[in-house]
Structure formats: C-alpha cells, structure tokens
C-alpha cells in the first residue's frame, strides 16, 4: 500500500522538480506528523523511512500528535541506473531531521505501463 504522497509521486509525478538532470526530483513529506500518519496507514515506503529515522535517532518516535509541527526535510530522486529493455528504477530518499541525516533506496520495477505501478524492494544505504 502507498500513501497519497508516494502514490502521487510515482504514478502521476506530483511535485516533480527540474534540477538540471534527467533524474526526477521530488519533495516528500515536510512534517514528521505526515510521515508518521503514512507509516501508521502502512505505506510501504513511509514505514521504512520512519523506521530508518528511528534507528538513526536511537529511540522510538511514538510521541507524534496530530498538532505536531516538527519539520522533516525529505527529498526523493527517481532514476534508471542502467538503461535496458526491462528497466529497474532506483528511488532514493535523503532526509534530515534535526542533526540526523539518513538515506534509503528502493529498487522499483514497473509492473503495469498504463498505470505506472511499481513493485518495490528496499535497500539499505
């Protein structure tokens, strides 16, 4: 399952930014609360990102409330590492929360050309 942010980013390229390369760049969740809510609804990407953040933080971040205004800077980069007939895509996230900086990558394979549906596999960086 994907949250609205991840689904829009992968299926409709919502929030796509031009940064001078052929790679696709996106901003992801801007508030810790939004990442937490997506994790709670079992988004396959946001759950892994939140767990990575907790690992780097050294403790659980389960004190997130609906009125929480803590910010998080998450950027996503989507690219084809080695072009070929059946391309695999690399979706890399770089995120900062306070002094914590993390990076996580996912390998995606397009499963339905018409709908831009991807099969996701997580890689630790």
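Under 28 Å from residue 110 (Cβ atoms) and surrounded by 13 or more Cβ atoms within 10 Å (Cβ to Cβ): is that true of residue 33 in this structure? Write out each step before concluding.
Numbers: under 28 Å from residue 110 (Cβ atoms): no; surrounded by 13 or more Cβ atoms within 10 Å (Cβ to Cβ): yes.
No, not satisfied.
Which one of these does residue 46 not meet: (1) modelled with pLDDT of 90 or more; (2) out of contact with any helix residue (DSSP H, G or I) (no Cβ under 7 Å at 6 or more places or on another chain)?
For residue 46, the failing item is (2).
Take region 62-78 and flag every residue that is out of contact with any strand residue (DSSP E or B) (no Cβ under 9 Å at 6 or more places or on another chain) and surrounded by 11 or more Cβ atoms within 10 Å (Cβ to Cβ). So that I can check it myself, show each step before the final result.
Of the residues in region 62-78, the ones out of contact with any strand residue (DSSP E or B) (no Cβ under 9 Å at 6 or more places or on another chain) are 62-67.
Of everything in region 62-78, just one residue is out of contact with any strand residue (DSSP E or B) (no Cβ under 9 Å at 6 or more places or on another chain) and surrounded by 11 or more Cβ atoms within 10 Å (Cβ to Cβ), namely 64.
Of everything in region 79-125 that's at pLDDT below 85, touching a strand residue (DSSP E or B) at 6+ places or on another chain (Cβ under 8 Å) and closer than 13 Å to residue 11 by Cβ, which residue is surrounded by the most Cβ atoms within 10 Å (Cβ to Cβ)?
118
Each row is one residue, and each column tells you yes or no for (1) out of contact with any strand residue (DSSP E or B) (no Cβ under 6 Å at 6 or more places or on another chain); (2) at negative phi; (3) at pLDDT 80 or above.
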position: 3; (1), (2), (3): yes, yes, yes
position: 7; (1), (2), (3): yes, yes, yes
position: 17; (1), (2), (3): no, yes, no
position: 23; (1), (2), (3): no, yes, no
position: 26; (1), (2), (3): no, yes, yes
position: 34; (1), (2), (3): yes, yes, yes
position: 40; (1), (2), (3): yes, yes, yes
position: 56; (1), (2), (3): no, yes, yes
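Answer yes or no: is there a residue in region 31-44 that is closer than 14 Å to residue 73 by Cα and assigned to a loop (DSSP other than H, G, I, E, B).
Applying the first criterion (closer than 14 Å to residue 73 by Cα) to region 31-44 yields 31-36.
Now drop any that are not assigned to a loop (DSSP other than H, G, I, E, B), which leaves none.
Within region 31-44 (the criterion being closer than 14 Å to residue 73 by Cα and assigned to a loop (DSSP other than H, G, I, E, B)), the answer is no, since none of the residues qualifies.
Can you tell me which residues in region 17-30 are surrounded by 13 or more Cβ atoms within 10 Å (Cβ to Cβ) and either in contact with a helix residue (DSSP H, G or I) (Cβ under 8 Å, 6 or more places away or on another chain) or not in a loop (DSSP other than H, G, I, E, B) (or both)?
24, 25, 26, 27, 28, 29, listed by residue number.
The values are calculated or read from the model by the stated rules, or taken from the named source; none is laboratory data. Please read these numbers as outputs of a predicted model, since none were measured by experiment. Neighbour counts are summed over all protein chains in view; Cβ atoms, including those assigned to glycine, are modelled from backbone coordinates with ideal geometry.
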